Amino acid sequence: MSEEQQKISQPGISGYLIQHSKQLSTLLIAAIIIVALSAVWMHFKDKKLEGARSALFEAAQLLEKEELAVQDTQKKDIEKNKPAKKKAAPDEATPPPQFQELDVNATFPKTIEAYKKIITQYPGSLPAFQAQITLGNLYFDHKNLTIALEYFKAALKNAPSSLEKVSTYFLIANTQENSSQYQEAVQSIQEALGYKIDFLKGDLLIAQARCFEQLKDKEKAKSVYDKVLADLPNTPFAEAAEVYRAKL
């Protein structure tokens, strides 16, 4: 026990406390302030994220509403262009607007505004990441690939974990492949595989082999298909790899 500790443990501790009351009071006040500020910050952070999640939910509702409006317009156009004698069956459904080439900004103005607001107001948060992914998917579904790629790349910087990073790299690679950017897609897939996560591994490897085929590099394509067969035996990916490899 140190000399100072002996002094404090002796009966004269009250005198010690009185003697050092100023220093102790200052430390106590500082500690209280730190705890109080931490509590305020955590409360503010929780409230802020609560607002972000609420905004994300409202944006999703806007997207659904605007998609239904597009579907309704398409249904009316189909009815209008049908021959007069032929009537549509009562239960005939109009296909959803996914995967149709549309002017996204003009078709989904409120949705775009809502998600952009989340990204701006809650930068670096999980809701912001989800907003970027949703916008990327929206542009991708309607063949606005350049803008989709921008959102996916921006989302990558905010991905909260390795799992989300792998998923985002997959979206980036898929967009690049559909944009005929095969070499860039190969690199994005390699980045995803570098995380050593089995999630999406089969999809990533098959996509990478496809890209090598498009680049006319049959040897690398065969090598990737061989890796699928070795790493993922007795899976649908292995079956597909065997078929594709045989065609090279």
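The values are calculated or read from the model by the stated rules, or taken from the named source; none is laboratory data. Everything numeric here is computed off the predicted structure, so don't read it as measured data. Glycine gets a Cβ as well: all are built from the backbone with ideal geometry, and neighbour counts include every protein chain shown.
When you scan segment 148-165, do you find a residue that is of a type in the set (Ser, Thr, Tyr), closer than 30 Å to residue 110 by Cβ and modelled with pLDDT of 95 or more, even just one?
For segment 148-165, residues of a type in the set (Ser, Thr, Tyr), closer than 30 Å to residue 110 by Cβ and modelled with pLDDT of 95 or more: present.
Considering segment 99-117 alone, what residues qualify as being of a type in the set (S, T, N, Q), in contact (Cβ under 8 Å) with a residue 24 or more places away in the chain and surrounded by fewer than 18 Cβ atoms within 10 Å (Cβ to Cβ)?
100
How about segment 172-192: which of its residues are farther than 18 Å from residue 159 by Cβ, free of Cβ contacts under 8 Å to residues at least 12 places away in the same chain and in a helix (DSSP H, G or I)?
Selection gives 184 alone.
May I ask you to list the residues in segment 37-74 that are at pLDDT 85 or above and of a type in the set (A, V, I, L, M, F, W, C)?
Answer for segment 37-74, where residues must be at pLDDT 85 or above and of a type in the set (A, V, I, L, M, F, W, C): 52, 55, 56, 57, 59, 60, 62, 63, 68, 69, 70.
Within segment 118-134, how many residues turn out to be surrounded by 21 or more Cβ atoms within 10 Å (Cβ to Cβ) and within 10 Å of the chain's Cα centre (by Cα)?
Counting residues in segment 118-134 that are surrounded by 21 or more Cβ atoms within 10 Å (Cβ to Cβ) and within 10 Å of the chain's Cα centre (by Cα) gives 7.
In the set 225, 195, 169, which member is part of a loop (DSSP other than H, G, I, E, B), touching a Phe, Trp or Tyr at 6+ places or on another chain (Cβ under 9 Å) and either surrounded by fewer than 16 Cβ atoms within 10 Å (Cβ to Cβ) or at pLDDT 95 or above (or both)?
Step by step, each of 225, 195, 169 is checked, and only 195 is part of a loop (DSSP other than H, G, I, E, B), touching a Phe, Trp or Tyr at 6+ places or on another chain (Cβ under 9 Å) and either surrounded by fewer than 16 Cβ atoms within 10 Å (Cβ to Cβ) or at pLDDT 95 or above (or both).
Take the residues of segment 194-217 that are small (Gly, Ala, Ser) and touching a residue at least 24 places away in the same chain (Cβ under 8 Å): which is farthest from residue 169 (Cα to Cα)?
209
Among the residues of segment 208-244, how many are hydrophobic (A, V, I, L, M, F, W, C) and under 27 Å from the mean Cα position of the chain (by Cα)?
Looking only at that region, the number is 7.
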